[in-house]
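**Q** Dropping the structure in here first, questions after.
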Amino acid sequence: MPKDSDACDVLDGLDQRIVAALQISPRAGVAEVGRILGEHERSVARRLQRLLDTGAIRCTAEYDPLRCGLGPTVRLRLKAPLSCLKKVARELANRPDVLNVAAVGGAVGHLWCELLLESRSLLHSLSTNGIPGLPQIDVRSSHVTLSPFRSEAEWHAPVLTEEEEKRLRASLVQPLPGLANQYELTPTDIRVAAVLMRNARISLTELGGELGVSTATAGRRVTSLLERRVLHLRTAVDPALLGRPVEARIRLKVHPAGIETAGSALAASPHVRFCAAVTGRHNLLADVCVKHETSLYDFVVDVLGALPHILAYDTDIIRRLPANDSVPQDTPS
């Protein structure tokens, strides 16, 4: 898993560019990355292997919960006793129905987590009964995802040129036109996804060997999952390693007429890792990562201040937990 940012130095310029390239195209070969970045293939290979070996980055995959039938997700703002905050966070991170966990700095005992809603009844019971199996946690607010504008898998460090980004995107698998809202995964799809979650950069030859199929068949299976947008490849990295140690979750109250405009504008910002329209009094959530606190102030003034229909906002500083970004998504049964 990505290292704790308190124990790591910021990656140097070339390492950051390599990471950004893999954030855009997690399965890009070292020769392709070197050619696009103008670096020697051996230098890219050596640096990439070090990044993987040290756990600075992790190339993985994640399901689109709605498209593959896992159900919607809800982002919960929680409060736990301060004496057992870390223990509760680890228990949450180890649950198969929890996709990520983060602590909120400056708010005593507060956590955020993203929970899969496997049933509608669970959503209705959260506010009164809390999270099953964790009676010590109070649910302070819940926000069901209605429409994602940007996922963390789609964010990359803004350190590449437009031409470099364009060339990296040219080889990506494009979604099929006229996709259905849901796709029923086959047992083979699930096996392919499980391998990619462990290592999204596995070669097709190795993947075929694990699955007991030909290299060509393995390639077709991967392409099918990506074309149907039920699986997203992702290069996970602590933003602090990319020189962006200040992370914040911004909750926005937006007039309905401005939700689409605000969400699209935030998703286009290089500082926004995640943005989605959600239920609740605050109907738009965005995760921001910047270089320092003054940069966060600039974001609020220059980006949020320029958006129409913003009625109110709240900001929480996120403190990354060691287990964060290492929680595998549940595999459909």
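The values are calculated or read from the model by the stated rules, or taken from the named source; none is laboratory data. As the structure is a computational prediction, the values presented were derived from the model and not from experiment. For neighbour counting, all protein chains shown are included, and Cβ atoms are generated from backbone atoms with ideal geometry for every residue, glycine included. Quick note on the areas: whole protein, heavy atoms, side chains included, nothing else; ligands and nucleic acids left out. Shrake-Rupley method; radii C 1.70, N 1.55, O 1.52, S 1.80 Å.
**Q** Can you tell me which residue among Leu115, Leu172 is at pLDDT 85 or above and more than 25 Å from Ala265 (Cα to Cα)?
**A** None of the other options fit; the residue is Leu115.
**Q** When you check Ala61 against the structure, is it touching a Leu at 6+ places or on another chain (Cβ under 6 Å) and either crowded, with 21+ Cβ neighbours inside 10 Å or under 30 Å from Asp15 (Cα atoms) (or both), yes or no?
**A** The answer is yes for Ala61.
**Q** Determine which member of the set Gly133, Gly71, Gly109 is more than 25 Å from Leu225 (Cα to Cα) and open to solvent by 10 Å² or more (accessible area, probe 1.4 Å).
**A** Going through Gly133, Gly71, Gly109 in turn, just one is more than 25 Å from Leu225 (Cα to Cα) and open to solvent by 10 Å² or more (accessible area, probe 1.4 Å): Gly133.
**Q** Identify the residue in the stretch 89-101 that is part of a helix (DSSP H, G or I) and buried (at least 21 other Cβ atoms within 10 Å of the Cβ) and, among all such residues, is modelled with the highest pLDDT.
**A** The selected residue is Leu92.
**Q** With the requirement that a residue be exposed (fewer than 12 other Cβ atoms within 10 Å of the Cβ) and not in a loop (DSSP other than H, G, I, E, B), what does the stretch 167-177 give you?
**A** Listed by number, the list holds a single entry, Arg169.
**Q** Okay, next question. Which members of the stretch 24-75 meet the condition of being of a type in the set (D, E, K, R) and modelled with pLDDT under 95?
**A** Glu62, Asp64, Arg67, Arg75
**Q** Checking Pro158 against (1) assigned to a helix (DSSP H, G or I); (2) within 18 Å of the chain's Cα centre (by Cα); (3) surrounded by fewer than 17 Cβ atoms within 10 Å (Cβ to Cβ), only one condition comes out false. Which one?
**A** (1)
**Q** Among the residues of the stretch 129-148, which ones are at pLDDT below 90 and among the small types (Gly, Ala, Ser)?
**A** Gly130, Gly133, Ser141, Ser142
**Q** If you take the residues of the stretch 1-23 that are modelled with pLDDT of 95 or more and crowded, with 21+ Cβ neighbours inside 10 Å, which of them is nearest to His232 (Cα to Cα)?
**A** Gln23
**Q** Hey, can you tell me all the residues within the stretch 27-36 that are open to solvent by less than 10 Å² (accessible area, probe 1.4 Å) and in contact (Cβ under 8 Å) with a residue 12 or more places away in the chain?
**A** Residues satisfying the conditions are Ala28, Val33.
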